[in-house]
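Input: a single structure, listed below in structure tokens.
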Amino acid sequence: MKEFIELIQNSNHLVALTGAGMSTESGLPDFRSQGGLWCGRDPYEIASPQAIGTDDFFEFYQMRIEDLLKHKPNIGHYVLTKLEKEGILKALLTQNIDGFHQLSGTQRVIEVHGHMRYLVCSRCGKEYPATAYRQCTYYCTDENCKAPIRPPIVLFGEPLDSDAWDSAVQEVEQADTVLVMGTSLQVYPFAGLVELAHETGSKIMIINKTSTPLDYLADHVIHESISKILSEIATSIFGNDWFAHLKEHNQV
Ligand SMILES: [Zn+2]
């Protein structure tokens, strides 16, 4: 643990990569783990471009948006925000679409799989509030369009947003230390960022509850809860008082 903390403190360009494990610690379900969100339903059928405009699609994403409103960032999100404020963390790349990193105050966040802060028309791109589905607005209100409204996320089978992806690659290329948290590293191209970090000679640290196929590339691997480890890191770097204040202030 001491070495782990030193690596973070001594880094010149620390970049964090986060996945579903970051969100499950806020109580959000992980659709890839057993018993998760997709249990009993085929994710490729609902979260696919072909499903846009079907009742299943609207119902599913309405549920996910409502789910976000019932949960909030956890202590781990806030520790990452603090690391950024102190100039240690330079960028955060996430697979998560919950927007919790921004909610906790992190500025430089690249959401490679998009987000659900608002909805967009699938044809003309007109923006709608995230509450549109709840208000029974499922189709574009533009008379000449009327196409289904969708979240601006990357569905199965859709390409990543090239600007977001290019930024993510650039950040990893600039990094000298990469901290990977809560991702099983099984989804490409995201997992490829860790391989890229290895190729460019970065130190790699992984925190994940279970082992990942890329653990062998890492300098340090911890199979633990992310918020537990980040709490230890924060206490060590910023002190007990700061940590106690954080917990009290954000009620996490
Ligand atoms: Zn439209």
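Bear in mind that the values in this text are calculations on the coordinates, not laboratory data. These figures come from a predicted structure and were not determined experimentally. Counting neighbours? That spans all protein chains shown, and the Cβs are built from the backbone with ideal geometry, glycine included.
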What is the fewest-to-most order of Cys136, Cys124 by other Cβ atoms lying within 10 Å of their Cβ? Cys136, Cys124
Excluding Glu195 itself, calculate the net charge of residues whose Cβ lies under 13 Å from the Cβ of Glu195, where each Lys or Arg counts +1 and each Asp or Glu counts -1. -3
Within the stretch 138-192, GluC sites (Glu not before Pro) in DSSP loop having at most 16 other beta-carbon neighbours inside 10 Å: Glu143
Compute the long axis of helix 75-85 from its Cα atoms, compare it with the longest principal axis of the Cα atoms of the chain, and write down the angle in degrees, 0 to 90, nearest 10. 70 degrees
Report, ordered by chain and residue number, the lysines lying within cross-link reach of Lys126, taken as a straight Cα distance under 19 Å and ignoring same-chain residues fewer than 8 apart. Lys146
HN-Hα couplings for the stretch 196-209 via Karplus (6.51, -1.76, 1.60; θ = phi - 60°), in whole Hz with x for Gly/Pro, come out as 4, 4, 5, 5, 8, x, 6, 6, 10, 10, 10, 10, 7, 5
At a Förster radius of 30 Å, what calculated FRET efficiency corresponds to the Cβ-Cβ distance of Arg108 and Asp241, to the nearest 0.05? 0.65
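Assuming a ≥ b ≥ c are the square roots of the Cα gyration tensor eigenvalues, decide whether the stretch 175-229 counts as rounded (a/c under 1.5), prolate (otherwise, with a/b larger than b/c) or oblate. Display every interim value, and only then the final one.
Numbers: a/c = 1.94, a/b = 1.34, b/c = 1.45.
The shape class here is oblate.
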Counting other beta carbons within 10 Å of each Cβ, put Ile229, Ile52 in order, fewest first. Ile52, Ile229
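Take the Cβ-Cβ distance between Glu195 and His249 as r, set R0 to 41 Å, and report the resulting FRET efficiency rounded to the nearest 0.05. Don't skip to the answer; put the middle values down first.
Values: r = 38 Å, r/R0 = 0.93.
That gives a FRET efficiency of 0.60.
What is the calculated FRET efficiency for Thr54 to Tyr216, with r their C-beta to C-beta distance and R₀ = 30 Å, to the nearest 0.05? Let's see the in-between values first.
Numbers: r = 42 Å, r/R0 = 1.39.
Working from the Cβ atoms, E equals 0.10.
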Using amide H atoms built in the peptide plane, which far-off residues or other-chain residues are under 5 Å from Met181 H to H? Leu17, Thr18, Gly19, Ile207
Table column - 3J(HN,Hα) (Hz), the stretch 238-243, Karplus curve with 6.51, -1.76, 1.60, x for Gly and Pro: 9, x, 5, 5, 4, 5
Given H placed on each backbone N at 1.01 Å, which residues far from Val221 in sequence or on other chains put an amide H within less than 5 Å of it? Ile206
For the stretch 113-132 and the stretch 153-177, what is the separation of their Cα centres, given in Å? 20 Å
Only four residue types carry charge here, +1 at the Cβ of Lys and Arg and -1 at the Cβ of Asp and Glu. Report the dipole size of the stretch 146-242 about the Cα centre in Debye, rounded to the nearest 20. 460 debye
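What ranking of Leu89, Leu179, Leu69 emerges when the number of other C-beta atoms within 10 Å of each C-beta is taken as an exposure proxy, fewest first? Please report the intermediate quantities before stating the final value.
Numbers: Leu89 24, Leu179 28, Leu69 10.
By the 10 Å Cβ count, ascending: Leu69, Leu89, Leu179.
Kindly identify the stretch 116-155 as rounded, prolate or oblate by the Cα gyration tensor criterion: order the square roots of the eigenvalues as a ≥ b ≥ c, call it rounded if a/c is under 1.5, otherwise compare a/b with b/c, prolate if a/b is larger, else oblate. Intermediate results must be reported in sequence, preceding the final value.
Numbers: a/c = 2.01, a/b = 1.21, b/c = 1.66.
Since a/c reaches 1.5 but b/c is at least a/b, the shape of the stretch 116-155 is classed as oblate.
Per residue, how big is the convex hull around the C-alpha atoms of the stretch 32-158? Give it to me in cubic angstrom, could you?
Cα convex hull per residue, to the nearest whole number: 120 Å³.
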Skipping prolines and chain starts, which residues have an amide H placed within reach, meaning under 5 Å, of the one on Leu214, given they are 5 or more residues away or on another chain? none
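What relative contact order, as a whole-number percentage, does the chain give when Cα pairs under 8 Å and 6 or more residues apart are counted?
On the way: 410 pairs, mean separation 58.1, N = 252.
Reported as a whole number, the value is 23 percent.
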How far is helix 162-174 tilted off the main Cα axis of the chain, in degrees rounded to 10, range 0 to 90? 0 degrees
Normalised Cα Rg of the stretch 100-252, dividing by 2.2 N^0.38 Å with N its residue count, works out at 1.30
